[in-house]
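The values are calculated or read from the model by the stated rules, or taken from the named source; none is laboratory data. Computed from a predicted model, the values in this text were never measured in an experiment. Don't worry about glycine lacking a Cβ; one is built from the backbone with ideal geometry, like all the others, and counts go over all protein chains shown.
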Amino acid sequence: MPRIILHVDMDSFYASVEELRNPGLKGRAIVTCMFSGRSKDSGAVSAANYKARELGIRSGMPIKIAKRLAKGKGVAFLPSDREYYREVSSRIMDILRREADEKREGVRGRLQSMFEQVSVDEAYLDVSRRSEGSWDSAREIAESIKRKIREKENLTCSIGIGPNKLVAKMASRAQKPDGLTLVKDSEVQGFFEKIPAAKLFGVGPQTAKVFEKLGIKTSKDLADYDLKKLEAVFGSKKGRVLQDTARGIDNDPVEEREAQQISRMATLKKDSDNPKDILENIRELARDIDLELKSKGLFYRTVSVITIDTHLQMQTRSRTTIESSSLSKNLDIAKELLEDFLEQNPGRMLRRVGIRVSGFSRKKEKKQRTLGDFPKEIECDKSHLPSKNA
DNA sequence: GCGGAGATGGACC
DNA sequence: CTAACGGGTCCATCTCCGC
């Protein structure tokens, strides 16, 4: 059964939302920033609109560099307000969710959207059924989505359409902003051949460096490369995945995924190796995580402490307990993990610290299970229904 | 050999 | 003149250990 998948990607989302929020900014170059607070312009760029990109400003860039590029050009630098962006995002996701196919989960399961939000500004939609296998009607669905987002939120997005998530993703990237790119099965090979291997989804700076050594430049080079050799260099799993990627092959289903972990990080006001200092920060982060856990009704088994030192080297320490757990317990463990770390790394100054919880479950103690965990017979009382055998 | 636990690295937004 | 640098998530892999 061939699929038709849409990848919807909001255009420079944070910056665009800020532009709407403050009419005085209309038409200007806008950069949203995560200020770390340790010095005036310490931190990184989280988003830059297209006017700002024309100046060479990119997300992930240190704010100081962005400001140098922006010198005298009237660029607006704003602090990121992620809570607000999440609100706007959830309205957009509500629009998108309704455009995806529906499917029944399990035997008598509830209706579920074939929809997958991948980040605050991106989502995949499976529209195979709605479009009845017609690329033209998939294109109409995409156009209608773009129209709705523009009408309701006054924002633009770029949409890629393809036979799987990978192709849809690469397609949405191909034309931005406000783009719509359709790559049907018969066009996948030609479309991928034009893409440099380093630009493929899942290929970052490290992998690109190895490609260079191997003489792999284009996706075609990678697609035609000896699989055994790739697997020898990258490991069997990654080698295989890389070659599939270069060929536009991907069978990953569109489905909503449960969070596997929740973490919070913060930059210290000053580099430090003082447990008291650091623990103070971790305490705040743990409180925040605790709130989110409570609101989601989740329990966890594993706590990790993450440290990033002055050379930006990251290390982690984690511990798994029988069952979670209160905030205070969480903090006790974090404290021990941190103390272990500091003992084992005397003199190492930390720049940032974080805490992470994972290994989630919904059940409280041993017994209480969710409905889905119960065997069928006791799922519900059917005695009021007419008997099958009657 | 297999699983979980723990640590690390790479990638993406 | 150079270096400058957030926060969050997912996944794979390696090692170690008990079974």
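State whether one or more residues within the stretch A:230-240 are more than 11 Å from DNA strand B (Cβ to nearest atom), surrounded by 13 or more Cβ atoms within 10 Å (Cβ to Cβ) and within 21 Å of the chain's Cα centre (by Cα).
There is no residue in the stretch A:230-240 that is more than 11 Å from DNA strand B (Cβ to nearest atom), surrounded by 13 or more Cβ atoms within 10 Å (Cβ to Cβ) and within 21 Å of the chain's Cα centre (by Cα).
Sort through A:S272, A:S295, A:S358, A:S304 and tell me the only one that's over 28 Å from the mean Cα position of the chain (by Cα) and of a type in the set (G, A, S).
Only one candidate qualifies: A:S272.
Pull up the stretch A:113-164, narrow it to residues that are assigned to a loop (DSSP other than H, G, I, E, B) and of a type in the set (D, E), then point me to the one that is farthest from A:E187 (Cα to Cα).
Per the stated criteria, the residue is A:D121.
Restricting to the stretch A:181-222, name every residue that is of a type in the set (D, E) and exposed (fewer than 15 other Cβ atoms within 10 Å of the Cβ).
Listed by number, the list holds a single entry, A:E212.
What's the number of the condition A:V88 fails, among (1) surrounded by 16 or more Cβ atoms within 10 Å (Cβ to Cβ); (2) among the hydrophobic types (A, V, I, L, M, F, W, C); (3) assigned by TED's automatic domain parsing to the domain that holds A:G43?
(3)
Under 30 Å from A:L25 (Cβ atoms), surrounded by 13 or more Cβ atoms within 10 Å (Cβ to Cβ) and of a type in the set (F, W, Y): does that describe A:F115?
no
Check A:I63, A:I57, A:I95 and return the single one that is within 11 Å of DNA strand C (Cβ to nearest atom) and surrounded by 13 or more Cβ atoms within 10 Å (Cβ to Cβ).
A:I63
Which condition from (1) surrounded by fewer than 16 Cβ atoms within 10 Å (Cβ to Cβ); (2) aliphatic (A, V, I, L, M); (3) more than 28 Å from A:I5 (Cβ to Cβ) is the one that A:L227 breaks?
For A:L227, the exception is condition (3).
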